[in-house]
Amino acid sequence: NSSRDGLAVQRVSGLVTEGELVADVFEAHLPKGAPVSLASGDGIDVAEVLAGLSLRDNSDIYVFDANAVQLGHLAGRDDPAGEGDSGQRTVITDALSWVWGGLSRPFRSLSNEATAPDTAELLSGMVPAALTGGTDVKAAKSSEGTVYSVVTPILHQGQAVGVVAIASASGEIDSLVRSERERVLQMFIIATLVSIGLSLILASTIAHPLADLAAAAEIGGARNRGKNNGSRIRIPDLTSRPDEIGRLSGALRGMVGALYNRIDGNEQFAADVAHEIKNPLASLRSAVGTLRVAKRDDQREKLLDVIDHDVRRLDRLVSDISNASRLDSELVKEEEEAFDLLNMLGNLGEYL
């Protein structure tokens, strides 16, 4: 990936610079105008020069002669900063790598599991390229990770008399990549846990109140279907909430209250109608009963007048009830509109 490539480029660039500096140190110790042989030690002591070097990190320096024979080796000291990075625990990354390794083991080819060559052998194979072409860079896979190697020639009077080779620690870049990947995975897990916590909070503050409102509405629907004959529907009072759920609760409570007021009004209207109808019906019943026993014509005529009056009274009462019901239904259908009250009163005054 891009992160790994960037770290590899930076590390290789540092190795190249370090290798060229070490080669310059060897060139500075070479005598001018005299023959030099690194293999026999003529003109320079390779071990003494290596002993005077101090590496910045845990890389290794090798010195080869023109025949690719190793003349010296210096192991770099462990860098405390490097130990801090490579020693960082990568529990998540290691667990995922272990799982992936177990799943991919049946599909690995035998060539991928071959043993990587020794670092000294790898560097000695790069010596001819450095003697003829200058600085060379190569990356090799080992059991512990990727090893980056740099070889650069040691020049004396324009001729390459030896090669300085520097190899990075095995798996150094892999360790840095694992550490960076571990930090990303940790942030991902933290973000996931925070998202789950926020989801639970939102569920308790949004889903549960909505479920209570829905349950109250379902109770009303079950009562209309005759499945519940309990008390009145009670919509939860959530009007203290400043959000849309509070508005919804207030609207539902207002709607249910208006429906119950309408039901109460209809019940009161039915009771008033029954009371008004009973009076003329009682008068009719009394007049009809008296008419059966009346013997004189004037009495019968008077009773018939009473019956006619009560019938007309009933007709007028039924007409008034019908008109009131029709007016009420029309008022429900019509939309409220503003009007000029003074203009209406003026028009009424013209007809009075």
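Order of 277, 263, 173 from fewest to most other C-beta atoms within 10 Å?
On the way: 277 15, 263 11, 173 22.
Arranged by neighbour count, lowest to highest, 277, 263, 173 become 263, 277, 173.
Using θ = phi - 60° and the Karplus curve 6.51 cos²θ - 1.76 cosθ + 1.60, what whole-Hz ³J(HN,Hα) does each residue of region 198-207 get, with Gly and Pro shown as x?
Values, residue by residue: 5, 5, 5, 5, 5, 5, 6, 9, 10, 5 Hz.
If Lys and Arg each add +1 and Asp and Glu each add -1, what is the summed charge of the other residues whose beta carbon sits under 11 Å from the beta carbon of residue 285? Could you put the intermediate results ahead of the total?
Numbers: positive: 278; negative: 310.
Around residue 285, the surrounding residues sum to 0.
Which of 259, 318, 248 sits farthest toward the positive end of the charge dipole of region 244-334, with +1 on the Cβ of Lys and Arg and -1 on the Cβ of Asp and Glu?
318
Compute the distance from the alpha-carbon center of region 248-270 to that of region 116-184, in whole Å.
87
Under 13 Å from the Cβ of residue 135, count the other residues' Cβ atoms, weight Lys and Arg +1, Asp and Glu -1, and hand me the total. Let's see the in-between values first.
Values: positive: 138; negative: 18, 20, 24, 136.
Here the charged neighbours net out to -3.
What full-extension length gain, to one decimal in nm, is calculated for residue 305 and residue 281 as 0.36 nm per residue of separation minus the Cα-Cα distance?
Numbers: separation 24, 0.36 × 24 = 8.64 nm, distance 1.47 nm.
Going from the current span to full extension adds 7.2 nm.
Just grab the label-to-label distance for residue 120 and residue 262, each label 7 Å out from Cα along the Cβ direction, in nm (one decimal).
9.9
Please give, to one decimal in nm, the separation of the simple spin-label points placed at residue 296 and residue 347, each 7 Å out from Cα toward the Cβ.
5.7
Once you charge only the Cβ atoms, +1 for Lys and Arg and -1 for Asp and Glu, what is the size of the charge dipole of region 168-313 about its Cα centre, to the nearest 20 debye? If you can, show how the numbers build up before the last one.
On the way: 21 positive and 19 negative charges, 180 e Å.
Its charge dipole is roughly 860 debye.
How do 60, 315 rank when sorted from fewest to most other Cβ atoms within 10 Å of their own Cβ? Before the final figure, lay out each step's value.
On the way: 60 19, 315 11.
Starting with the residue having the fewest Cβ neighbours, the order is 315, 60.
Apply 1/(1 + (r/R0)^6) to the Cβ-Cβ distance of residue 324 and residue 201, taking R0 = 35 Å, and write down the FRET efficiency to the nearest 0.05.
On the way: r = 54 Å, r/R0 = 1.54.
Calculated value: 0.05.
Arranged from highest to lowest average of other beta-carbon atoms within 10 Å per residue, in what order do the peptides 248-259, 12-23, 151-162, 339-350 appear? Walk me through the numbers before you get to the answer.
Working: 248-259: 14.8, 12-23: 18.3, 151-162: 19.8, 339-350: 8.5.
Top to bottom by mean Cβ count within 10 Å: 151-162, 12-23, 248-259, 339-350.
Out of residues 5 or more away from residue 59 or on other chains, whose amide H comes under 5 Å of its own, with H placed 1.01 Å from N in the peptide plane?
76
All of the numbers you see were taken from the coordinates with simple rules; none came from a lab. Note that this is a predicted model, so its numbers are computed, not measured. Counting neighbours? That spans all protein chains shown, and the Cβs are built from the backbone with ideal geometry, glycine included.
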